[in-house]
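*Asks:* Following this message is one structure expressed as structure tokens.
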Amino acid sequence: MNQTNESSDEYIRLPLPKKNKGELFAISERLMGASRMNIICGDGKSRMARIPGRMKRRARVRAGDLLIIKPWDIQDEKADVIYRYTRTQSRILSKRHLLPKEIDIF
């Protein structure tokens, strides 16, 4: 691969939401305790998200963090957190214009 040519076929090592599985970008708005938070999603909706047990000790989520979430099939106003980006990763995604304009605050 040619290193000097920065084109659209550039490889990104960050995980991105899988659209075929229903995953979305979101920003945590307010922490509510008990591993729950209010989030603003890339589709413009506000949802309540929870941090599942597999992520509780791995990622500390703060207000203003960029997340990948998966809305529930049963209740669309609730979601699970899949991944949390660091501040540096969020800025990289913003510079590459990979974030929806509704939540691009970085």
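The values are calculated or read from the model by the stated rules, or taken from the named source; none is laboratory data. Because the structure is predicted, anything quoted here is derived from the model rather than measured. Please note: Cβ atoms are built from the backbone with ideal geometry, for glycine as well, and neighbour counts cover all protein chains shown. These area figures cover heavy atoms from the full protein model, side chains too; ligands, DNA and RNA do not enter into them. Shrake-Rupley method; radii C 1.70, N 1.55, O 1.52, S 1.80 Å.
*Asks:* Subtracting the Cα-Cα distance from 0.36 nm times the residue separation, let me have the gained length for Glu29 to His97 in nm, one decimal. List each step's numbers first, then the result.
*Replies:* Values: separation 68, 0.36 × 68 = 24.48 nm, distance 2.14 nm.
That works out to 22.3 nm of additional length.
*Asks:* Can you work out D for region 35-85 in µm² s⁻¹ from Stokes-Einstein, where Rh is the Kirkwood radius over C-alpha pairs, the temperature is 20 °C and the viscosity is 1.002 mPa s? Each step should come with its number before you reach the end.
*Replies:* Working: Rh = 11.0 Å.
This corresponds to a translational diffusion coefficient of 194 µm²/s.
*Asks:* First obtain the Kirkwood hydrodynamic radius of the chain from its Cα pairs, then insert it into the Stokes-Einstein equation at 10 °C and 1.306 mPa s, and state the resulting D in µm² per second as a whole number.
*Replies:* On the way: Rh = 14.5 Å.
Rounded to a whole number, D works out at 110 µm²/s.
*Asks:* Using a probe of 1.4 angstrom, how much of the accessible area of the chain is carbon and sulfur, in percent?
*Replies:* Whole-percent figure for carbon plus sulfur exposure: 48.
*Asks:* For the chain, what does the accessible surface come to per residue with a 1.4 Å probe? Please give it in Å². Mind dumping the intermediate values first?
*Replies:* Working: 7280 Å² over 106 residues.
Heavy-atom accessible area per residue stands at 69 Å².
*Asks:* Same structure again: Return the sequence-ordered ³J(HN,Hα) values of region 39-44 in whole Hz as given by the Karplus equation 6.51 cos²θ - 1.76 cosθ + 1.60 applied to θ = phi - 60°, using x for Gly and Pro.
*Replies:* Listing the rounded values in order: 10, 10, 8, x, 8, x Hz.
*Asks:* Which value, in debye to the nearest 20, describes the size of the charge dipole of the chain about its Cα centre when Lys and Arg Cβ atoms bear +1, Asp and Glu Cβ atoms bear -1, and nothing else is charged?
*Replies:* Values: 23 positive and 13 negative charges, 133 e Å.
My answer is approximately 640 debye.
*Asks:* Now for a different question. Cα to Cα, under 23 Å, and not fewer than 8 places away if on the same chain: which lysines meet these conditions relative to Lys19?
*Replies:* Within reach: Lys45, Lys70, Lys78, Lys95, Lys101.
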